[in-house]
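Working notes, structure below.
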Amino acid sequence: MLSSRTCSRWSGRPDTERRPFVAAVAALLARPRSPGGAGGEEVVVFAAASLADALREIAAGFEARTGHRVVPSLGGSNDLARQIRAGAPADVFVSASAERMDEVQQAGLLRAADRVDLLSNRLVVVVPAAATVLPATAEDLALVRRLAVGDPQAVPAGIYARQWLEKRGLWERLRDRVVPALDVRAALAAVESGNADAGVVYRTDAAISRRVRMAFEVPVDEASRIVYPAALLGSARGPAARAFFEHLRSPEARAVFERHGFELLAAR
């Protein structure tokens, strides 16, 4: 599946070639909703890039148990929500932002009864693994030349980062040093590659990379509450979509999310 940027099936990493948003939606709309296998169905899941690794594992277990096939579209929650509002045929949406999910709900594309606050996360500051000096506080970021974050006007992780720095009175001092990224995984990649001296990402993203070091975790009382809502969309077809939506709250899925560092919010 395609989002506003193309990505490998579960990588959450951008390909080198980016396709325009309109082309991405056109490809989604043109794609037939094929069966997942012998007697199985296909479940199209739009999910925030930061969920890629946990959802890969959860989807594999669901596919093995049910015979259905999970087809991911990973990216920034803002882009995914825009695609859904434009008519992209998704079954389940897991956003890193309650506001982006609100936009989809206000467009009449999901029922409140089919929405749940699933997970939470934390912000951390990361630097390249080879860095010899680690910032220890928000004020230390004033020494950084390039700071990678998700687009601070659109991407949830970037918005959370901007709100934190605004609360600390540092945003105006740092905004010209910000390297905006398409999503949080792209911000992480900028730090991994050395194209940024530091980055603000989710704790779960920092944990998967051997090419960055966590400098410090943003205190909970300084940051906005991070919520990942999940919803079964009104465009969902077939029982497999609801089964996967419910599976996201199963003990098996919750154990996977917790192992990947997410904080659990929703239970059955």
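The table below gives the values:
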| item | result |
| --- | --- |
| Matching residues in region 152-169 - criterion: being within 19 Å of residue 49 (Cβ to Cβ) and polar (S, T, N, Q) | 153 |
| Criterion (more than 19 Å from residue 47 (Cα to Cα), assigned to a strand (DSSP E or B) and free of Cβ contacts under 8 Å to residues at least 60 places away in the same chain) met by exactly one of 142, 161, 113, 130 | 113 |
| Qualifying residue in region 63-76 (condition: more than 23 Å from residue 41 (Cα to Cα) and not small (Gly, Ala, Ser)) | no |
| Unique match (being closer than 18 Å to residue 191 by Cβ and over 16 Å from the mean Cα position of the chain (by Cα)) among 155, 133, 149, 124 | 133 |
| Condition met for residue 70 (touching a Gly at 6+ places or on another chain (Cβ under 7 Å) and either surrounded by fewer than 17 Cβ atoms within 10 Å (Cβ to Cβ) or not in a helix (DSSP H, G or I) (or both)) | no |
| Qualifying positions in region 172-185 - in a helix (DSSP H, G or I), open to solvent by less than 20 Å² (accessible area, probe 1.4 Å) and more than 13 Å from residue 125 (Cα to Cα) | 174, 185 |
| Residues located in region 205-256, provided they are more than 19 Å from residue 183 (Cβ to Cβ), out of contact with any strand residue (DSSP E or B) (no Cβ under 6 Å at 6 or more places or on another chain) and open to solvent by less than 10 Å² (accessible area, probe 1.4 Å) | 250, 253 |
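Per-residue answers, yes or no, for (1) part of a loop (DSSP other than H, G, I, E, B); (2) under 23 Å from residue 204 (Cβ atoms); (3) modelled with pLDDT under 95; (4) open to solvent by less than 50 Å² (accessible area, probe 1.4 Å):
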{"residue": "16", "(1), (2), (3), (4)": "yes, no, yes, no"}
{"residue": "81", "(1), (2), (3), (4)": "no, yes, no, yes"}
{"residue": "87", "(1), (2), (3), (4)": "yes, no, no, yes"}
{"residue": "96", "(1), (2), (3), (4)": "yes, yes, no, yes"}
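The values are calculated or read from the model by the stated rules, or taken from the named source; none is laboratory data. Being a predicted model, the structure only gives us computed values, none of them experimental. Reconstructed Cβ throughout: ideal geometry from the backbone, glycine too, with neighbour counts over all protein chains shown. Just the protein is used for accessible areas: all its heavy atoms, side chains included, with ligands, DNA and RNA removed. Shrake-Rupley method; radii C 1.70, N 1.55, O 1.52, S 1.80 Å.
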